[in-house]
Amino acid sequence: MKKPQNSLLEPASSAVLVDLGQRIQRLRVARALPQAEIATRAGIARSTASRIENGDASVAIGQVIRYLKSISAELTLETLYTKTDVPTAMLSASERRQRARPLSPAALKEIDF
């Protein structure tokens with residue numbers, strides 16, 4: 001009987017794959033690219049693209065790299081972890097909560113250093 005690859009990994013290794021998938025997904029979402037389009041560019045099925053973004057251990061590393069390159073040609077696994085991606089940083093900034101109303105002058109005086 002075939003066993004799921006993620007169940008054969010230790011939890012720390014599985015968490016690394018999930019983190020990698022989430023980073024790749026953030027890159028794609030930050031560029032507003034549909035998953036199906038990127039999968040087609042990479043020459044993989046959309047279901048495989050979904051498995052990559054979910055951190056499935058049974059996906060071949062070559063497919064992961066092709067998918068990453070299809071999102072942006074200059075990206076590598078190294079730059080994914082070492083450099084800040086501008087579109088992803090902009091997405092994170094837009095997701096931050098903002099105050100719905102400005103602080104009153106009294107509240108501003110309270111927090112003034």
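What follows draws every value from the coordinates through simple rules; no lab data is involved. Just so it is clear, the structure is predicted and the values come from calculations on it, not from any experiment. Heads up, the Cβs are rebuilt from the backbone with ideal geometry, glycines too, and the neighbour counts pull from every protein chain shown.
Annotations for the structure displayed:
- Longest to shortest principal axis, alpha-carbon extents of the chain, angstrom: 67, 32, 24
- Rounded to 10°, Cα long-axis angle of helix 11-30 versus longest principal axis of the chain: 70 degrees
- Around Thr88: net Lys/Arg minus Asp/Glu count, Cβ-Cβ under 15 Å: +1
- Crossing angle, helix 61-71 versus the chain [Cα axis fit, 0-90 degrees, rounded to tens]: 50 degrees
- Ellipticity estimate at 222 nm from DSSP helix runs (n ≥ 4, -39,500 (n - 2.57)) divided over the chain, nearest 500: -18500 deg cm²/dmol
- Cα-based helix-to-principal-axis angle, 86-95 vs the chain, degrees rounded to 10: 50 degrees
- Each 10 Å bin from zero holds the following percent of Cα-Cα pairs in region 67-113: 20, 29, 19, 16, 15, 1.
- This model, with +1 at the C-beta of Lys and Arg and -1 at the C-beta of Asp and Glu, gives the chain a dipole about its Cα centre of some 320 debye.
- For region 37-92, GluC sites (Glu not before Pro) meeting the loop criterion (DSSP other than H, G, I, E, B) and having at most 10 other Cβ atoms within 10 Å: Glu74.
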